[in-house]
Amino acid sequence: MPVDGGSSPSSTGRRAARGSGPAVRHVALLVGGAVFVMWAVATLTFFAIRLIPGDPAQAILGGPGSQASQEALDQVRLDYGLDQPLLAQYLAMLGRLVTGDLGTSYALKVPVAELLGAQVGGTMLLAVCSLALAWVLALALSLWSTGRGRIATAVGQGIELFAAALPHFFLAAVLIAVFSSGLGWLPPVATGTPVGLVLPVVTLAVPLAGFLAQVMRESLLDAMRQPFVVSARARGESALGVRFRHTLRHAALPGISLSGWALGWLLSGAVVVETIFAMPGLGRTLLQAVTLRDIPVVTGVVLLVALVYVVMTVVTDLAMRVADPRLAGEAR
C-alpha cells in the first residue's frame, strides 16, 4: 500500500480497464452491426434482383434484341456460374465480396469497382451539399418559429409539413418551370458547374429540411423549458444569446443523430434527381443496371450506399458524444 494514500499502479490500471470496457463494447457493437447490415443488404439484393423478369445470360449478351443463340447463352451461363444452383451462386457472391471483388458489369464489361469509382464523386457531392443546405434551412426555420408566439409557430409547422411532403419529382418539375423555363436564371440540366448543381441540391434538400425542422423544433422547445435557460435569462442574457449559446446545441442533437439516415435517404433520392436533371452518378447507374438486369452493378451500388450509411451512423454517433458528453458517460 502506498504511504501517501494514493492509488497503486495496479488499482489505477484496474480502473482504466473498467473505464475502457464500455468503450470497447460499444465499438464492438458498432462493428458487429456494420457487418450484419452489409451482409443483410447483400443477401436481400441478391435474391431481390433475381425476382426481376428476364434472363441474366441474355442481358450479358445485349438483351432480348441481341437474338443470341442457345449455344451462346449456355456458354455465358457456364462462364458466369449462372448454371449453378441459386445457393451456390449466393455463396460464390459472398466469397467474392469478402475479398473485395464486386465482379464485372454484364452490360459494360468493366470492373464494377472501376465503374462506381467514376460515378460516386458526383453523387456524394450532390448528397453532401443537399444535407448541408437542409441543415441550414431546418435550423433557420426552427430558430425563427420556436418561442415567438402562436402565429409564428403555426406558420413554421405549416412550412415544415408542406416541405416534408413534397415529392422529389414534383419539386424538381416546379423548380425547372420557374427558375429555368420562366426566369431563365438556372440551367434545367446539370452542366458540371456549381450553377448547374443548384436545382438538384434544392430538390433534395427542401423535403429533408422540413423533416429535420420538425424534429429540431420539438427538441428546441424542450430545451427552452429547462432550468439552465431560466438561469441564463436571470443573468441578463438576451433571448437570441440564449438560443445560440445554450439551446441550439440541444436542438441540434436529434438532427445529428438523423444525419446518417438522412445521407442514405439522399442517396436513394439521387436516383430520381439524377435522372430528371441528367446528372451522371450512382442514381442513374443504378437505374440503368436494374433495367439491364446488370446484377453485379446493382449489388455494388446498393452495397456502396449501405457502406456510406454505416460509416455515417458511426460518425454521427461520435459527433453526438462530442456534442453531449453525457452520452459518453452513460455506459460507465
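The values are calculated or read from the model by the stated rules, or taken from the named source; none is laboratory data. Fair warning: this is a prediction, and the values are worked out from it, not measured in the lab. FYI the Cβ positions are ideal-geometry reconstructions off the backbone, even for glycines, and counts take in every protein chain you see. Ligands, DNA and RNA are excluded from the accessible area calculation, which covers all protein heavy atoms including side chains. Shrake-Rupley method; radii C 1.70, N 1.55, O 1.52, S 1.80 Å.
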Would a scan of the stretch 74-95 turn up a residue that is of a type in the set (S, T, Y) and modelled with pLDDT of 70 or more? yes
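The rows are residues; the columns are (1) open to solvent by 40 Å² or more (accessible area, probe 1.4 Å); (2) part of a helix (DSSP H, G or I); (3) within 18 Å of F277 (Cβ to Cβ).
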site	(1), (2), (3)
E114	yes, yes, no
S130	no, yes, yes
L133	yes, yes, yes
A138	no, yes, no
A152	no, yes, no
Q157	yes, yes, no
A163	no, yes, no
V174	yes, yes, yes
So A132 passes all but one of these: (1) more than 26 Å from the chain's Cα centre (by Cα); (2) at pLDDT 80 or above; (3) not basic (K, R). Which condition number does it fail? (1)
Could you grab me the full set of residues in the stretch 176-195 that are assigned to a loop (DSSP other than H, G, I, E, B) and either among the β-branched types (V, I, T) or in contact (Cβ under 8 Å) with a residue 40 or more places away in the chain (or both)? P188, V189, A190, T191, T193
Out of all the residues in the stretch 157-172, which are over 10 Å from G210 (Cβ atoms) and touching a Phe, Trp or Tyr at 6+ places or on another chain (Cβ under 8 Å)? A172
Matching residues, the stretch 105-123, being closer than 14 Å to D294 by Cβ and touching a helix residue (DSSP H, G or I) at 6+ places or on another chain (Cβ under 6 Å): S105, Y106, A107, V112, L116, Q119
In this structure, is G156 at pLDDT below 85 and within 30 Å of A34 (Cβ to Cβ)? no
Taking S145, is it touching a residue at least 12 places away in the same chain (Cβ under 8 Å), over 23 Å from T275 (Cβ atoms), open to solvent by less than 40 Å² (accessible area, probe 1.4 Å) and not β-branched (V, I, T)? yes
Looking only at the stretch 176-198, decide whether some residue is in contact with a Lys or Arg (Cβ under 6 Å, 6 or more places away or on another chain), open to solvent by less than 50 Å² (accessible area, probe 1.4 Å) and hydroxyl-bearing (S, T, Y). no
Is there a residue being at pLDDT 75 or above, assigned to a helix (DSSP H, G or I) and under 30 Å from L307 (Cα atoms) anywhere in the stretch 232-255? no
Applying the selection to the stretch 87-107, what residues are free of Cβ contacts under 8 Å to residues at least 60 places away in the same chain and either open to solvent by 80 Å² or more (accessible area, probe 1.4 Å) or outside any helix (DSSP H, G or I) (or both)? L87, L91, R96, V98, T99, G100, D101
